[in-house]
Each structure stands twice: as C-alpha cells, then as structure tokens.
Amino acid sequence: MSQTVSNAVDLWVRKSHAWLACGPLRLLALVMGLVTAGLVMWDPELFSREIGGFGPVISPALIWSCCTAMIFGVGFVPRRWFWQVLFSPYIALPILAIILWLRLS
C-alpha cells in the first residue's frame, strides 16, 4: 500500500516539474545562481547591506535558493520525490529573484 502511494506521489511530482524542463528556464536559473554566488563572494558586506542584512531567515533562504537554482540549472534531477520537492524550482527561483532584485535595485 505505501509503495503505491509513494509511486503516485513520485509520478505527480515528476509531472508537475516536467514542464519546467526547458532550456531557457534552466539557463536563467543557472545564471541567477552564478550571479548571486558571485555577488556574495565579491563583496559580502555590500551584498548584506543592500538586501537588508544576513538574518536567520534570509541567509538560509539565500543559500538554499542559490543551490537549488544551480541544481536545476545544470539539469540534475534527484531520483526520490522528496528531494525533488525540497529542491523545487517553483519555490527557489522566485526567492532568488527577490533577493537579486533587492541587491540590484
């Protein structure tokens, strides 16, 4: 019974992520991740000041969304559904876009 539920969830997650598997979106995610990582490494104090500081919410969100964008951008697809949900571009890319908007505006 639990195997059937797990297979159904796996199929649902794969179908929901399938339409995101286009080249331009992957390229955009990869560029966003690389730009964010580069800006943080180039001048972390300036980046922190521009986005309102590295707090207990924004720091993990920044690291997670940057890593997720890189994972999605290079085309890696985790095997298990729970890893696919954890590293979902549906959530990570808007967070990363907001952080980049804060920094570049």
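Cβ separations smaller than 7 Å between residues 6+ apart or across chains give the following pairs from region 79-99 residues that are touching a residue at least 40 places away in the same chain (Cβ under 8 Å) and farther than 23 Å from residue 35 by Cβ to residues that are among the acidic types (Asp, Glu) and open to solvent by 30 Å² or more (accessible area, probe 1.4 Å): 81/10. The residue of region 1-16 that is farthest from residue 82 (Cα to Cα), among those that are surrounded by 13 or more Cβ atoms within 10 Å (Cβ to Cβ) and of a type in the set (Gly, Ala, Ser), is 16.
Within region 20-43, residues that are within 9 Å of residue 73 (Cα to Cα) sit with their Cβ atoms under 6 Å from residues that are open to solvent by 50 Å² or more (accessible area, probe 1.4 Å) and in a helix (DSSP H, G or I), at 6+ positions apart or across chains, in these pairs: 33/70.
The values are calculated or read from the model by the stated rules, or taken from the named source; none is laboratory data. This is a predicted model, so every value here is computed, not measured. In this analysis, Cβ positions are derived from the backbone assuming ideal geometry, glycine residues included, and neighbour counts consider all displayed protein chains. Surface accessibility is based on the protein's heavy atoms, side chains included, excluding ligands, DNA and RNA. Shrake-Rupley method; radii C 1.70, N 1.55, O 1.52, S 1.80 Å.
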